[in-house]
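Note sheet for the following structure.
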Ligand code: HEM
């Protein structure tokens with residue numbers, strides 16, 4: 001099939017021979033915002049032809065058609081912490097894979113882990129950095145949920161830490177740490193196969209490829225949940241009128257709207273396709289961006305204002321995607337919810353105050369606050 005290639009708008013390039021790569025490396029949010037001002041579908045040159053869309057219709061299309069929009073060849077492949085398991089499994093195998101994984105991550109089955117997660121949290125008093133606190137405590141909560149706290153914390157930390165560092169650190173291979181990490185997974189999995197258990201590893205280690213799924217889930221879980229927890233605490237301190245049990249849900253949702261850790265997702269086109277009247281050839285890198293969709297003024301009035309009350313009503317379809325959508329919706333959405341509820345509920349009573357810091361978004365593998373985020377808490 002041949003296509004008449006409609007030219008899509010593209011933001012200016014500072015060094016034309018390098019395409020948009022320098023801006024993508026240095027200021028990807030500004031680059032995306034510059035593109036978004038040109039229209040709902042725009043083009044970037046990131047070494048290969050890249051198309052970015054952010055309208056609800058585009059999101060629905062990309063997230064609903066797993067046979068055309070493939071994970072193989074997307075950005076996730078470049079990050080060894082995410083490159084594997086269900087994340088890199090494409091249709092038709094993806095559906096069956098999710099069907100075997102989903103039961104362990106259903107909200108109801110996760111309830112059994114709640115007490116253990118709660119016990120893993122280290123309470124805080126006085127002045128503290130919410131980002132550092134979230135980083136440690138999300139790791140502790142994940143250790144509790146996946147391994148009943150039995151995974152060696154220093155190794156878990158050593159394994160996960162580069163994910164939150166700037167590029168290219170999250171892309172670098174670390175054979176020695178990965179080997180130790182996998183050996184520890186095997187050891188804990190073998191223990192569970194002998195003596196049983198009720199943590200997530202006890203369920204996952206029985207599946208084919210279950211240890212690899214555990215590794216990938218931890219990579220997908222840690223930074224996303226850490227950043228959400230830190231930013232939500234920051235907003236709870238800044239908007240005390242929402243600091244009560246019923247306010248927590250809307251504050252988390254509004255935090256995830258303005259600062260979605262999954263700020264963009266990418267796919268490769270498995271075949272030539274027409275999208276919004278534009279012919280895209282097979283192999284095109286196609287990106288959706290919760291960050292852009294969540295800040296589109298045609299969907300969210302005064303998008304930059306922090307207003308949890310927006311979520312007293314249902315958002316428009318495919319306009320709110322902090323956990324993605326369709327069949328690839330985040331596997332750990334309910335686990336993240338549980339971790340956030342448990343960690344935040346300890347801050348609902350007492351005095352919580354902002355003491356300064358830098359909450360501006362900094363894009364990496366996930367979007368996180370530049371930090372630190374100094375708060376003071378007196379229970
Ligand atoms: C607030 C915390 C979290 C956020 C914001 C988040 C966000 C996302 C997003 C946006 C996607 C879709 C990516 C895409 O379409 O390319 C996704 C997928 C995924 N997430 Fe999460 N996530 C969070 C927590 C977790 C946790 C706790 C886990 C642990 C199990 C997890 C595991 C996964 C996995 C395995 C996928 C891939 C699913 C698939 O391809 O079928 N995430 N997440």
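Here are some notes:
- Among the conditions (1) crowded, with 21+ Cβ neighbours inside 10 Å; (2) within 15 Å of the ligand (Cβ to nearest atom); (3) within 14 Å of residue 343 (Cβ to Cβ), residue 147 misses just one, which is (3).
- The one condition in (1) within 16 Å of the ligand (Cβ to nearest atom); (2) touching a helix residue (DSSP H, G or I) at 6+ places or on another chain (Cβ under 7 Å) that residue 270 fails to fulfil: (2)
- Of all residues in segment 312-331 being in a loop (DSSP other than H, G, I, E, B), near the ligand (Cβ under 6 Å from one of its atoms) and touching a helix residue (DSSP H, G or I) at 6+ places or on another chain (Cβ under 7 Å), the one that is farthest from residue 261 (Cα to Cα): 331
- Unique residue being surrounded by 23 or more Cβ atoms within 10 Å (Cβ to Cβ) and within 16 Å of the ligand (Cβ to nearest atom) when the list is 200, 160, 156: 200
- Any pair with Cβ under 7 angstrom, 6 or more apart, that starts in segment 64-82 at a residue that is over 27 Å from residue 169 (Cβ atoms) and modelled with pLDDT of 90 or more and ends at one that is part of a strand (DSSP E or B) and more than 9 Å from the ligand (Cβ to nearest atom): 68/269; 68/273; 69/269; 69/286
- Scanning segment 341-360 turns up no residue that is crowded, with 16+ Cβ neighbours inside 10 Å and closer than 30 Å to residue 8 by Cβ.
- Yes/no for residue 136 being more than 21 Å from residue 183 (Cα to Cα), more than 15 Å from the ligand (Cβ to nearest atom) and within 18 Å of the chain's Cα centre (by Cα): yes
Yes/no matrix, rows are residues, columns are (1) in a helix (DSSP H, G or I); (2) touching a helix residue (DSSP H, G or I) at 6+ places or on another chain (Cβ under 8 Å):
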position	(1), (2)
127	no, no
132	yes, no
146	yes, yes
157	yes, yes
170	yes, yes
214	yes, yes
218	yes, yes
224	yes, yes
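- Residues located in segment 273-288, provided they are within 16 Å of the ligand (Cβ to nearest atom) and in contact with a helix residue (DSSP H, G or I) (Cβ under 7 Å, 6 or more places away or on another chain): 286, 288
Each row is one residue, and each column tells you yes or no for (1) within 14 Å of the ligand (Cβ to nearest atom); (2) under 16 Å from the mean Cα position of the chain (by Cα).
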{"site": "206", "(1), (2)": "no, no"}
{"site": "236", "(1), (2)": "no, no"}
{"site": "251", "(1), (2)": "yes, no"}
{"site": "255", "(1), (2)": "yes, yes"}
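- Residue list for segment 289-305, filter: touching a helix residue (DSSP H, G or I) at 6+ places or on another chain (Cβ under 8 Å) and exposed (fewer than 15 other Cβ atoms within 10 Å of the Cβ): 304
- Tallying residues that are touching a residue at least 40 places away in the same chain (Cβ under 8 Å) and surrounded by 11 or more Cβ atoms within 10 Å (Cβ to Cβ) within segment 113-128 yields 9.
- Some residue of segment 105-120 being more than 20 Å from residue 231 (Cβ to Cβ), over 22 Å from the mean Cα position of the chain (by Cα), more than 11 Å from the ligand (Cβ to nearest atom) and not in a helix (DSSP H, G or I): no
- Residues in segment 67-79 that are in contact with a helix residue (DSSP H, G or I) (Cβ under 7 Å, 6 or more places away or on another chain) and either buried (at least 20 other Cβ atoms within 10 Å of the Cβ) or within 24 Å of residue 161 (Cβ to Cβ) (or both): 69, 71, 76, 77, 78, 79.
- Of all residues making up segment 20-56, the number that are at pLDDT below 95 and on the phi > 0 side of the Ramachandran plot: 1
- Contacts under 9 angstrom Cβ, first residue in segment 264-283 being at positive phi, partner assigned to a loop (DSSP other than H, G, I, E, B) and surrounded by 15 or more Cβ atoms within 10 Å (Cβ to Cβ), 6 or more apart: 276/40; 276/55; 283/73; 283/270
- Residue 371 being on the phi > 0 side of the Ramachandran plot, in contact with a helix residue (DSSP H, G or I) (Cβ under 7 Å, 6 or more places away or on another chain) and within 11 Å of the ligand (Cβ to nearest atom): no
- Odd one out for residue 246, checked against (1) closer than 25 Å to residue 312 by Cβ; (2) out of contact with any helix residue (DSSP H, G or I) (no Cβ under 9 Å at 6 or more places or on another chain); (3) touching a residue at least 24 places away in the same chain (Cβ under 8 Å): (3)
- Selection count where residues are within 8 Å of the ligand (Cβ to nearest atom) and surrounded by 17 or more Cβ atoms within 10 Å (Cβ to Cβ), scope segment 80-99: 6
The values are calculated or read from the model by the stated rules, or taken from the named source; none is laboratory data. The model shown is predicted, which means the values in this text are computed figures rather than measured ones. Note that each Cβ is placed from the backbone with ideal geometry, even for glycine, and that neighbours are counted across all protein chains shown.
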